[in-house]
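Structure first, then comments.
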Amino acid sequence: MKRTIAAIFLAIALLATLAACGSKTTVTLVITMPNGSQNIREIKTNKETLGEALRSEGLIECDEEGTVISVEGTAANWNEEQTYWAFEVDGGYVNHSIDEEIITAGKQYALVFSRG
């Protein structure tokens, strides 16, 4: 009897773990293009960081330091044009890599094409 109960609890724990691994979070990203138009993308992902999620969807390209250099095929080039993609969370500029941003439900994410 004890073995049966233990087996049932083990099976329930295993199912709960598998369900958690497959769960996806919905991320909303507002992209402000050079002409000021905004594209809103909703992404369902099981990735841990925003950078991983956006790269897996083919939305961004980053340089070797993790700086976003292209969004939806629109490149920014600081060295030649003094343009960059500003990364914002909850309406404020973020001074860390998009790869360091752990996806959190309820946060508002944005990439804004900006000029120096």
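Values in this text are rule-based calculations from the coordinates and carry no lab data. All figures in this text were calculated on a predicted structure; none of them were measured in a lab. Counting neighbours? That spans all protein chains shown, and the Cβs are built from the backbone with ideal geometry, glycine included.
Across the stretch 74-85, coupling constants 3J(HN,Hα) worked out from phi with the 6.51/-1.76/1.60 Karplus curve, θ = phi - 60°, read 9, 8, 10, 9, 4, 5, 9, 10, 6, 10, 7, 9 Hz, and Gly and Pro carry x. Here the label points at SER97 and ILE40, each 7 Å from Cα along the C-beta direction, are separated by 3.1 nm in the simple model. Amide H contacts under 5 Å for GLY66: none, restricted to partners 5 or more places along the chain or on a different chain, H placed in the peptide plane at 1.01 Å from N.
Each residue of the stretch 67-72 was assigned a 3J(HN,Hα) from its phi angle through the Karplus curve 6.51 cos²θ - 1.76 cosθ + 1.60 (θ = phi - 60°); the sequence is 6, 5, 10, 8, 10, 6 Hz, with glycine and proline shown as x. For a Förster distance of 30 Å, can you work out the FRET efficiency between the beta-carbons of GLU57 and GLN82, rounded to the nearest 0.05? The pair GLU57/GLN82 has a calculated efficiency of 0.60. A simple rule links phi to the HN-Hα coupling: the Karplus curve 6.51 cos²θ - 1.76 cosθ + 1.60 with θ = phi - 60°, which for the stretch 47-55 gives 6, 7, 10, 5, x, 4, 5, 6, 5 Hz, with x for Gly and Pro. Around the amide H of GLU101, modelled in the peptide plane, lie the amide H atoms of LEU50, GLY51, all under 5 Å away and 5 or more residues distant in sequence or on another chain. Once backbone amide H atoms are built at 1.01 Å from N, VAL27 has ILE43, LYS44, THR45 as its partners under 5 Å, excluding neighbours fewer than 5 places away on the same chain.
Among residues other than LEU59 with Cβ under 11 Å from its Cβ, the summed charge is -1 (Lys and Arg +1, Asp and Glu -1).
Rounded, prolate or oblate for the stretch 24-115? Axes are the square roots of the Cα gyration tensor eigenvalues, ordered a ≥ b ≥ c, and the cut-off for rounded is a/c under 1.5. Since a/c reaches 1.5 and a/b is larger than b/c, the shape of the stretch 24-115 is classed as prolate.
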